[in-house]
Amino acid sequence: MLLDELVKIKEDLLKEIQSASSQKELNDVRIKALGKSGLITSASKGMRDVSPEDRPKLGALINEVRTAIEQALQVKGEKFEQEALNKRLEEEKIDITEPSKFGKVGALHPIPDVIDRLTDICVDMGFSVVEGPEIETDYYNFEAMNIPKNHPSRDMQDTFFITDEILLRSQTSAVQAREMEKRKPPFKIVCPGKTYRNDSDATHSPIFHQLEGLVVDENISMADLKSMLTILMKRLYGEDTMIRFRPSFFPFTEPSIEVDVSCPNCHGKGCNICKGSGMLELLGAGVVNPKVLEMSGIDSKKYRGFAFGFGLDRTAMILNSISNIKSLYKNDIRFLNQMK
Ligand code: PHE
């Protein structure tokens with residue numbers, strides 16, 4: 001009797017599963033069949049009342065019914081899930097070909113871009129980045145850099161004076177003196193920033209940018225400076241860049257050098273960017289004059305230093321093939337758009 005009843009329960013349940021029209025209805029059938037006091041669960045409990053001979057047969061049938069119901073529930077459940085997913089995909093469909101309203105992506109201006117690139121390379125080499133004031137005293141900008149008042153070497157860097165003693169710094173070298181007074185060697189610093197000079201033509205602007213580097217330690221020499229600058233230049237302009245060191249003069253370094261690199265546009269052959277020479281002048285550098293160390297309170301018998309100063313506008317112009325320095329300051333959106 002119980003067996004026939006079970007077969008009937010199975011058929012009824014399968015029909016209900018078939019006709020369920022939502023997850024909720026399906027769940028109700030699941031509880032009705034397999035819940036704590038569900039039909040199949042109760043049938044299992046009913047085994048107790050059946051004679052031992054009939055038990056295996058009944059047990060097998062209960063298992064068969066349970067498996068059939070579980071399978072049917074699963075198949076129908078998956079069907080509902082798939083339908084729900086399809087519905088969501090349909091509703092949330094985005095037209096990726098539709099033009100965006102916020103399509104304009106900005107880019108860094110060439111100057112901050114070059115500052116980021118150079119300082120990143122220097123930080124990799126163990127330098128700390130520091131900044132100093134743009135409105136500077138005559139002392140830090142000139143005198144502490146071994147450029148006394150009324151000395152002819154001041155002619156190289158005429159700047160804007162606010163009073164006799166206060167001026168717009170003409171070189172980031174001023175930060176050298178400030179940091180040497182504060183720090184105990186050994187140290188390695190770079191200082192990027194704005195600088196000012198009474199100069200204006202296609203390659204000079206009254207406001208421009210430099211990045212100064214300074215290393216103070218025992219037993220360092222011109223060889224360290226040259227190898228460091230070689231690595232720096234190759235990382236900035238590429239491994240195949242040729243580097244040339246020329247003797248030069250700065251009041252605060254002795255010996256002093258100027259550094260040229262092969263033109264990244266023509267690789268040394270000569271083009272309009274390097275004005276046919278194949279090389280571009282990029283920075284001044286040298287071994288810090290012992291007088292400069294002493295003025296800042298560093299024992300020049302024990303310590304030596306080397307320093308280098310980049311013109312960043314020039315570097316940005318070379319990296320972006322810009323021919324007039326004024327383009328960097330005009331804020332012309334057509335020019336800036338090309339910098340992406
Ligand atoms: N300050 C120098 C200039 O502006 C560049 C420089 C820096 C040279 C450091 C030597 C060492 O011309």
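The values are calculated or read from the model by the stated rules, or taken from the named source; none is laboratory data. Bear in mind that the values here come from a model prediction, so they are computed numbers and not experimental data. Here Cβ is always computed from backbone atoms with ideal geometry, including for glycine, and neighbour counts include all displayed protein chains. Calculation scope for accessible area: heavy atoms of the full protein, side chains included, ligands and nucleic acids excluded. Shrake-Rupley method; radii C 1.70, N 1.55, O 1.52, S 1.80 Å.
Across region 32-72, the qualifying residues are those that are closer than 16 Å to residue 16 by Cα and not in a helix (DSSP H, G or I), and the one among them that is least open to solvent (accessible area, probe 1.4 Å) is 38. Scanning region 125-142 for residues that are in contact (Cβ under 8 Å) with a residue 40 or more places away in the chain and not in a loop (DSSP other than H, G, I, E, B) yields a total of 2. Condition check: open to solvent by less than 100 Å² (accessible area, probe 1.4 Å), farther than 14 Å from residue 6 by Cβ, assigned to a helix (DSSP H, G or I) and touching a residue at least 40 places away in the same chain (Cβ under 8 Å). Does residue 29 satisfy that? When the stated conditions are applied, residue 29 passes them. Candidates in region 168-184 are the residues that are out of contact with any helix residue (DSSP H, G or I) (no Cβ under 6 Å at 6 or more places or on another chain) and not charged (D, E, K, R); of these, the one that is most open to solvent (accessible area, probe 1.4 Å) is 168. Could you tell me whether any residue of region 101-109 is surrounded by 13 or more Cβ atoms within 10 Å (Cβ to Cβ) and closer than 30 Å to residue 195 by Cβ? Yes: one or more hits. Screening residue 219 against (1) more than 23 Å from residue 170 (Cα to Cα); (2) open to solvent by less than 30 Å² (accessible area, probe 1.4 Å) leaves a single unmet condition, (2).
Comparison of 286, 278, 305 shows that the only residue that is open to solvent by less than 10 Å² (accessible area, probe 1.4 Å) and away from the ligand (no atom under 16 Å from the Cβ) is 278. For region 120-146, a residue qualifies if it is surrounded by fewer than 18 Cβ atoms within 10 Å (Cβ to Cβ) and within 36 Å of the chain's Cα centre (by Cα), and the qualifying residues are 120, 121, 123, 124, 125, 126, 128, 129, 131, 133, 134, 135. Scanning region 248-294 for residues being out of contact with any Ser or Thr (no Cβ under 7 Å at 6 or more places or on another chain), farther than 14 Å from residue 307 by Cα and in a strand (DSSP E or B) gives a total of 3. Put simply, of 325, 257, 318 the only residue that is open to solvent by less than 20 Å² (accessible area, probe 1.4 Å), within 16 Å of the ligand (Cβ to nearest atom) and at pLDDT below 90 is 325. When residue 149 is tested against (1) open to solvent by 50 Å² or more (accessible area, probe 1.4 Å); (2) away from the ligand (no atom under 16 Å from the Cβ); (3) touching a residue at least 60 places away in the same chain (Cβ under 8 Å), only condition (3) is not met. Please verify whether residue 248 is away from the ligand (no atom under 13 Å from the Cβ), of a type outside the set (A, V, I, L, M), open to solvent by 10 Å² or more (accessible area, probe 1.4 Å) and under 25 Å from residue 191 (Cα atoms), treating the condition exactly as stated. No: the conditions fail for residue 248. The number of residues in region 185-208 that are under 21 Å from residue 328 (Cβ atoms), more than 11 Å from the ligand (Cβ to nearest atom), open to solvent by 20 Å² or more (accessible area, probe 1.4 Å) and not in a loop (DSSP other than H, G, I, E, B) comes to 5.
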